[in-house]
Amino acid sequence: MKWPSEPSGPEPDDTPPADAYEVARAIALRHLDRRDLTAEELRSRLVVKGVGDEIADAVVFRFIEAGLLDDRRYALRYAESRQSSRSVSRAVVRRELQRKGVDPDLVDEAASGLDDESEYRTAREFAERRARSLSRHPREVQYRRLGGALARKGFPPSLVHRVLGEVLGTSDSDTSW
């Protein structure tokens, strides 16, 4: 999305608080006070609240200029946080950032920070935690459930197979999930 080069319309300092721009600005600040958002998420939330497209674009542009919105910073933090706290794969992080309206170049940059080794560590740590709760089940059930959980987290089959072999100590003949 292209943001306007300048907010439309004058912004005198003595504008009453009921001015549409000021109302939109207050809504945006409340949203950003709760959590970080991408520029597209904030714009969408303003439009849902009844703010016109032109005013929403002007507020978002102003917040970007002021450094209150930074999709690059957001994408990098989000990618790191999601992989470490939710144990999801690089592919899942990419999809989530795309869904949030982050520019594809920024998505690529954020996902490139999640290298193969960190993805392996994330999958391995998740599998070790999950395997403890499955210890009372037969080995085939452990393998199937843990493999399914890793696959749902978005990890590629080759990584799932490697991690399952290491965590469950299974041979290739045990792998029928």
Simple spin-label model, 7 Å along Cα-to-Cβ: residue 54 to residue 84 in nm?
4.5 nm
log₁₀ of I(q)/I(0) at q = 0.12, 0.18, 0.21, 0.25 Å⁻¹ - the range 116-174, Debye sum with one point per alpha carbon
-0.23, -0.52, -0.71, -1.02
Order by neighbour count: 57, 33, fewest other Cβ atoms within 10 Å first, most last.
33, 57
In whole Hz and in residue order, list the ³J(HN,Hα) couplings for the range 60-77 that follow from phi through the Karplus curve 6.51 cos²θ - 1.76 cosθ + 1.60, θ = phi - 60°; x for Gly and Pro.
4, 4, 5, 5, 5, 4, 7, x, 7, 10, 8, 4, 5, 4, 4, 4, 5, 5
Determine, from the Cβ-Cβ distance of residue 20 and residue 95 and an R0 of 35 Å, the FRET efficiency 1/(1 + (r/R0)^6), rounded to the nearest 0.05.
0.50
So, R0 is 41 Å and r is the distance between the beta-carbons of residue 77 and residue 133; what FRET efficiency does that work out to, to 0.05?
0.85
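Since every read-out is calculated from the coordinates, none of them should be taken as a lab result. What you see is a predicted model, and the numbers here were worked out from it, not measured in a lab. In this analysis, Cβ positions are derived from the backbone assuming ideal geometry, glycine residues included, and neighbour counts consider all displayed protein chains.
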